[in-house]
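Trainee: First the structure, which I've put down as structure tokens, then a few questions once you've had a look.
The values are calculated or read from the model by the stated rules, or taken from the named source; none is laboratory data. Keep in mind the model is a prediction, meaning the values are calculated, not measured. Note: ideal-geometry Cβ built from the backbone for every residue, glycine included; neighbour counts use all protein chains shown.
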Amino acid sequence: MKTAFIYLAIVNAIDLFVTLAGLELGFIREANPIMKSLYEWTPVAFMGVKLMFSVLLLCMVFLIPLKTTKILKGVTFSACILYTFVMVLHSTWIFHATN
């Protein structure tokens, strides 16, 4: 479980920079309405919320003992798969937009 949470924290941080680059260069649009509103308000708020999520995940690994349940495992595993897909998707869009 700890490895999955660390993975999510790292992928979230990478996604922050990939998404920010894609948004700033006009290659992608933010699909999440909450994050889109934050980005439109100020990219700093967008970055802050994304980074807080990574910090929260790392705190859960190192500071908060979690009871591993089937539900938590399932949700965490699903999040890992979905986040990996999103990262590949964003990276592919940016790659094709720059070539």
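Trainee: Just to verify a result, which residue in the stretch 8-36, among those that are farther than 25 Å from H96 by Cβ and touching a helix residue (DSSP H, G or I) at 6+ places or on another chain (Cβ under 6 Å), is surrounded by the most Cβ atoms within 10 Å (Cβ to Cβ)?
Mentor: Selected residue: L8.
Trainee: With respect to V55, is the statement that it is surrounded by 11 or more Cβ atoms within 10 Å (Cβ to Cβ) and modelled with pLDDT of 90 or more true? Even if it seems obvious, please write down each step before you answer.
Mentor: Working: surrounded by 11 or more Cβ atoms within 10 Å (Cβ to Cβ): yes; modelled with pLDDT of 90 or more: yes.
Taking the combined requirement at face value, the residue satisfies it.
Trainee: Which residue out of I14, I10, I28, I6 is touching a residue at least 12 places away in the same chain (Cβ under 8 Å) and over 17 Å from F85 (Cβ atoms)? Spell out how you get there, then give the answer.
Mentor: Working: I14 fails: over 17 Å from F85 (Cβ atoms); I10 fails: over 17 Å from F85 (Cβ atoms); I28 fails: over 17 Å from F85 (Cβ atoms).
One residue alone meets the criteria, I6.
Trainee: Go through the stretch 47-79 and report how many residues are among the charged types (D, E, K, R) and touching a residue at least 24 places away in the same chain (Cβ under 8 Å). Steps first, answer last, please.
Mentor: Initially, the stretch 47-79 is screened for residues among the charged types (D, E, K, R), giving 50, 67, 70, 73.
If we keep only those that are touching a residue at least 24 places away in the same chain (Cβ under 8 Å) as well, we get 50, 73.
Result for the stretch 47-79: 2.
Trainee: Before we move on, is L51 at negative phi and in contact with a Pro (Cβ under 7 Å, 6 or more places away or on another chain)?
Mentor: Numbers: at negative phi: yes; in contact with a Pro (Cβ under 7 Å, 6 or more places away or on another chain): no.
Judged against the criteria, L51 is not a match.
Trainee: Among the candidates A45, A13, A4, which residue alone is under 10 Å from the mean Cα position of the chain (by Cα) and of a type outside the set (V, I, T)?
Mentor: A13
Trainee: Does the stretch 79-99 contain any residue that is surrounded by 15 or more Cβ atoms within 10 Å (Cβ to Cβ) and among the aromatic types (F, W, Y)?
Mentor: Yes, the conditions are met somewhere in the stretch 79-99.
Trainee: Name the pairs: first residue in the stretch 80-94 and within 21 Å of I6 (Cβ to Cβ), second residue not in a helix (DSSP H, G or I) and not small (G, A, S), Cβ to Cβ under 9 Å, at least 6 apart or on different chains?
Mentor: Cβ pairs passing all conditions: H90/F27; H90/I28.
Trainee: Turning to a different aspect of this structure: Quick one: in the stretch 71-97, of everything that is among the small types (G, A, S) and modelled with pLDDT of 85 or more, which residue is nearest to the chain's Cα centre (by Cα)? Let's see the steps before the verdict.
Mentor: To start, the set of residues in the stretch 71-97 that are among the small types (G, A, S) comprises 74, 78-79, 91, 97.
From the residues that got through so far, the ones that are modelled with pLDDT of 85 or more too are 74, 78-79.
Values: G74: 18, S78: 13, A79: 10 Å.
Among residues in the stretch 71-97 that are among the small types (G, A, S) and modelled with pLDDT of 85 or more, the one nearest to the chain's Cα centre (by Cα) is A79.
Trainee: For the stretch 58-70, enumerate the residues that are at pLDDT 90 or above and in contact with a helix residue (DSSP H, G or I) (Cβ under 8 Å, 6 or more places away or on another chain).
Mentor: Within the stretch 58-70, just L58 meets the criteria.
Trainee: Which one of these does Y39 not meet: (1) in contact with an Asp or Glu (Cβ under 6 Å, 6 or more places away or on another chain); (2) exposed (fewer than 10 other Cβ atoms within 10 Å of the Cβ)?
Mentor: (2)
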